Amino acid sequence: MNDILPADAPLWELFENTAESVLKSYGYQKIVTPIVEETGLFARAIGAVTDIVEKEMYSFTDSMNGDQLTLRPEGTAGVVRAVIEHNLAYDGPKRLWYKGPMFRHERPQRGRYRQFFQFGAEAIGFSGPDIDAELIMLCRRLWDDLGLDNIRLELNSIGNADERQRHRADLIAYFEANIDVLDAEAKRRLHANPLRILDTKNPAMQDLVNQAPQLLAYLGEESLAHFEGLKKILDANNVQYTVNPRLVRGLDYYNRTVFEWVTDLLGAQGTVCAGGRYDPLIETFGGKPTPGIGFAMGIERLIELMKAQGEPSQPAQCDVYLVHQGMDAQMKAFILGERIRDAGLDVVLHCATPAGAGSFKSQMKKADGSGAAFAVIIGEDEVKNGVVAVKALREGEAGGQQSSVPFDDAVDFIVDQIVGGHDHDHDHDHVHYHP
């Protein structure tokens with residue numbers, strides 16, 4: 001598990017704010033579910049014979065009452081439980097999104113930790129290929145807004161349960177006929193979860209897997225029509241994709257559309273977002289038959305991608321840095337700092353350290369390092385004359401220019417400089433200053 005340090009926090013905020021904004025623009029609403037759920041929820045949702053349930057879940061017995069509990073390994077099961085428990089779909093379909101920590105006891109690798117954060121969306125109660133296309137296009141918009149252009153879309157249809165059963169029987173027969181080529185993991189999965197064998201990364205098995213019966217050949221009329229409908233919408237909107245017949249889900253509740261967004265910049269495990277349709281799941285959980293589709297993306301992996309594409313990790317901390325010397329100047333700095341914040345700008349006020357309050361020179365160095373557009377300087381002379389000195393710290397703000405401004409006019413002056421400035425790149429949508 002890892003810490004997210006202040007240097008990375010701005011990137012996380014950029015990702016989360018962008019994702020929330022994109023989800024909102026498509027009409028998705030936020031849902032928050034507990035980090036801990038009953039173990040049975042995940043065993044039922046994910047399937048008992050899966051790596052997640054067998055090897056990766058952090059499960060424990062509640063010593064107070066003997067309940068079997070698990071730290072959630074994924075988000076869909078909890079959202080679906082909440083939809084059923086609170087009867088959320090009674091008045092029509094719901095578009096939902098969530099974010100938060102998930103927990104899996106797996107071998108850590110680049111951008112993957114045992115506590116990791118996911119951002120996900122679930123669309124409950126929609127049955128057509130249109131919602132599948134919407135979720136995919138929503139992802140594309142997010143990549144565009146984040147400036148990520150090294151992510152490609154892979155697509156497949158895994159049909160319905162009866163179509164998969166026919167495919168599964170032929171798949172098992174095919175692998176049994178080539179049992180000597182299967183590795184230990186594939187042999188273990190052969191009867192419990194043969195679809196997962198198609199996912200193998202073992203180079204020695206690639207030819208065998210490539211020649212295996214393809215699920216697409218087993219799809220019936222309805223499943224094919226759904227898949228063609230999805231591709232038609234994506235084609236009409238210039239969404240580039242590759243149909244990957246080996247793209248599967250090992251869980252029984254998935255059906256029809258499955259998709260992954262993949263990159264080559266993060267090593268072998270290149271999936272940054274995975275999604276799929278799960279029409280049978282709500283009924284499996286005891287709810288009324290209700291279709292569903294969703295996706296989840298790993299935030300750490302996307303942060304890695306943002307860094308790889310040169311996103312600066314530490315933007316400006318503030319708009320204004322307040323420099324002051326002397327007790328009276330400090331009092332004035334506090335008053336002015338609050339007034340500037342009332343106007344909607346971000347202010348860092350210089351505070352003393354164990355080494356002391358710091359000279360004007362050392363404070364100005366701190367002001368420059370903060371990324372602020374302006375330093376506001378208050379010393380004994382300024383207090384006596386009822387003024388402040390406002391110094392532009394960036395080239396775009398008439399670099400280095402210093403103005404003496406009456407104390408009571410300082411807020412107006414600074415807001416005019418920043419909001420009216422052309423080169424300052426801080427986002428000031430939140431400015432609510434009314435002169």
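The values are calculated or read from the model by the stated rules, or taken from the named source; none is laboratory data. The structure presented is a predicted model; accordingly, all values stated were derived computationally and were not measured. Here the Cβ positions follow ideal geometry from the backbone for every residue, glycine too, while neighbour counts run over all protein chains shown. The accessibility values were calculated without ligands, DNA or RNA, using every heavy atom of the protein model including side chains. Shrake-Rupley method; radii C 1.70, N 1.55, O 1.52, S 1.80 Å.
Worth a mention:
- Using θ = phi - 60° and Karplus 6.51 cos²θ - 1.76 cosθ + 1.60, couplings along the range 317-327 (whole Hz; Gly, Pro as x): 6, 7, 8, 10, 10, 9, 9, 8, 9, x, 5
- Cα shape, the range 209-287, gyration tensor, a/c 1.5 rule: rounded
- The accessible area of Cys351, taken with all protein chains in place and a 1.4 Å probe, comes to roughly 80 Å².
- Cross-link pairs Lys24/Lys232; Lys332/Lys365; Lys201/Lys288; Lys99/Lys187 - those with Cα-Cα distance over 31 Å: Lys201/Lys288; Lys99/Lys187
- For Glu37, residues with placed amide H under 5 Å, excluding near neighbours: Thr70, Arg72
- Computed from the Cβ-Cβ distance with R0 of 35 Å, the FRET efficiency linking Gln206 to Gln68 stands at 0.30.
- Accessible surface ranking that places the most exposed of Asp409, Asp8, Asp207, Asp319 first, with a 1.4 angstrom probe: Asp207, Asp409, Asp8, Asp319
- Longest exposed-site-free window of the chain, the sites being trypsin sites (Lys or Arg not before Pro) in a DSSP loop that have at most 14 other C-beta atoms within 10 Å: 202-435
- Taking 7 Å steps out from each Cα toward its Cβ at Asp130 and Asp409 produces label points 5.9 nm apart.
- Couplings 3J(HN,Hα) of the range 341-349, computed from phi: 5, 4, 7, x, 9, 9, 10, 10, 9 Hz, in residue order, whole Hz [Karplus 6.51 cos²θ - 1.76 cosθ + 1.60, θ = phi - 60°; x for Gly and Pro].
- Solvent-accessible surface (1.4 angstrom probe) belonging to Glu74, in square angstrom, nearest 10: 20
- Amide H within-cut-off set for Asn255, under 5 Å, with H built and near neighbours excluded: Arg277, Tyr278, Asp279
- Residues within the reach of a label modelled at Ala225 (point 7 angstrom out along Cα to beta-carbon, backbone nitrogen below 20 Å), restricted to the range 256-290, are 256-258, 277-280, 290.
- Evaluating 6.51 cos²θ - 1.76 cosθ + 1.60 at θ = phi - 60° for every residue in the range 141-149, the Karplus couplings come out as 4, 5, 4, 4, 5, 8, x, 9, 10 Hz, glycine and proline recorded as x.
- Over the chain, relative contact order from alpha-carbon pairs under 8 Å, at least 6 apart, %: 14
- Accessible-area ranking of Met64, Met364, largest first, probe 1.4 Å: Met64, Met364
- Inter-probe distance in nm under a simple model that places probes 7 Å from Cα toward Cβ, at Asp199 and Glu85: 2.7
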